Every structure is written in C-alpha cells, then in structure tokens.
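FYI, it's all coordinate maths here, none of it is from the lab. Keep in mind it's a predicted model, so treat the numbers as computed, not measured. Here the Cβ positions follow ideal geometry from the backbone for every residue, glycine too, while neighbour counts run over all protein chains shown.
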Ligand SMILES: [Fe+2]
Ligand SMILES: [Fe+2]
C-alpha cells in the first residue's frame, strides 16, 4: 500500500471519529461543580405556605421527584462506566471519561439535595427493571449506546425541563437546567458514536437494536407514567397530558433511529 493511500485511510479514520471527539471538547467546556449550585442563595425546592400538613405533603412530592432522578443517575453512572470499559475506540474512551464524571457529579448533586429535603422516597420499580436490562441483559456495545444515549438520555431531557419549570428560583431548577445541557451532550455523543459503530455492524446487530428498543419502550412508558403514593393524585390528574407528551417523545426517538439508518418500522410504540 502506498504512503499516500495509508495517509488517506488514516485521515478518513480520523474524520470518522471527529464527531465523538467534538463532544469530548464540548463536555470539558460544559463541566461544572456541585459547589457552583446556588445552595446558600435560594431554597433547595419550592417553598409552600399553609398548614404543616400541607407543607409536609408538598415536600414528599418533591422528595419523590428527586429520588426518581437520583435513581436514574445511579443507573447512568454504572452505564457510563460500562461504556467506557467496552468502547474499543480511543476517542470514544476519552469521551466516556467525561460522561462517567458527569453522571457521578449528578448523583453527588442529587444526594446533597436529598439531604436538604429529608432523604429518599420510594424507589421506582420500572427504573430498576430498566437498569437490569441495560446493565445485565444487553450484550452489545451498539445496543447499550442505542438504548442509553440515543433513547433514554434524549427522552429524559423534556422531564428536566418540566421539573425546572415547576421549581423556579430553587437549587432544583438550577440543577435541572444543567442536566438538560449535560444530557444533551450525552445524547449527541451517543448519536455520533452509534453512527461510527453502525458503519461496520452486520445486519443481525441492527436487528438486535430494533428488538431491544421493542423490549425497552414499554418499560420506559411505565417508568415515565409511574407515580409513587405521594404523587398518585397528580398522576391521575395529569395522566392524559403525560401520555400525549410521551407519545411525542417516543415519536422523536423513532425519528432519531431512522436517521441512524435503522429500519424501526417494526418498533411497536406502546401508545
Ligand atoms: Fe445524569
Ligand atoms: Fe446522562
């Protein structure tokens, strides 16, 4: 092989990975510390006036919201560590070192916030199920990147926006705004890397991705609509809007899969 040809191939290889490397730089630039949150300037969660009972009930609701996101970020720490470990490409490994740190920092912030509001509430059983699936059942790196970064981290962003909107002027709002940006980067990096991985993936792998999406989506729906006892009454009141919003988010997920060249016409949307 001529030197020119070798150089060309090396150049093409570099270009292929440039997308992922760009997210490494972005993640570095967006990095923050939990000390940057306005702990001493604003209340941790929205303050409620009224009877002690009413205030306690409100706090319970926020505790359950925070617990669910804390649980999701514990899953994200474990997933990011697996991805860092499994990714064979240097650029991807570099990127995943930032994601491991991001997710650990998210857990740190949730823990500090939980400490301010009196500890954790009930666990979301559907999130536990998703964790088992992502961490233990999925075998291929392509599947893990696809379900975690392409779907899960994309679907979770509107939830952060929603929490931020209902908790103006609090540490919780500030945190959710940061998470919107971080998970935007995690999702973008996943799209870029999945594209690289799928270039050389055999058709069976693509088939497996669609199957995995079919197994994951119904559980994700259960997770998104799940309300612990503290929030059950809100759950009922908002069910229809939640379902509508979820349907739009899932449609987005399918569009993204299409843009990766995956034929997801077989994906059964649970709604
Ligand atoms: Fe996170
Ligand atoms: Fe994330």
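Worth a mention:
- Of all residues making up segment 83-103, the number that are within 13 Å of ligand 2 (Cβ to nearest atom) and buried (at least 18 other Cβ atoms within 10 Å of the Cβ): 8
- Note on segment 117-149: residues that are within 18 Å of the chain's Cα centre (by Cα) and not in a helix (DSSP H, G or I) amount to 3.
- Residue in segment 217-224 that is over 28 Å from residue 38 (Cβ atoms), in contact (Cβ under 8 Å) with a residue 24 or more places away in the chain, more than 15 Å from ligand 1 (Cβ to nearest atom) and not in a helix (DSSP H, G or I) present: no
- Out of 135, 130, sole residue that is buried (at least 16 other Cβ atoms within 10 Å of the Cβ) and within 16 Å of ligand 2 (Cβ to nearest atom): 130
- Number of the exception - residue 32 against (1) touching a residue at least 40 places away in the same chain (Cβ under 8 Å); (2) outside any loop (DSSP other than H, G, I, E, B); (3) closer than 24 Å to residue 188 by Cβ; (4) within 16 Å of ligand 1 (Cβ to nearest atom): (2)
- When residues of segment 160-200 are limited to those that are buried (at least 17 other Cβ atoms within 10 Å of the Cβ) and not in a helix (DSSP H, G or I), the one nearest to ligand 2 (Cβ to nearest atom): 167
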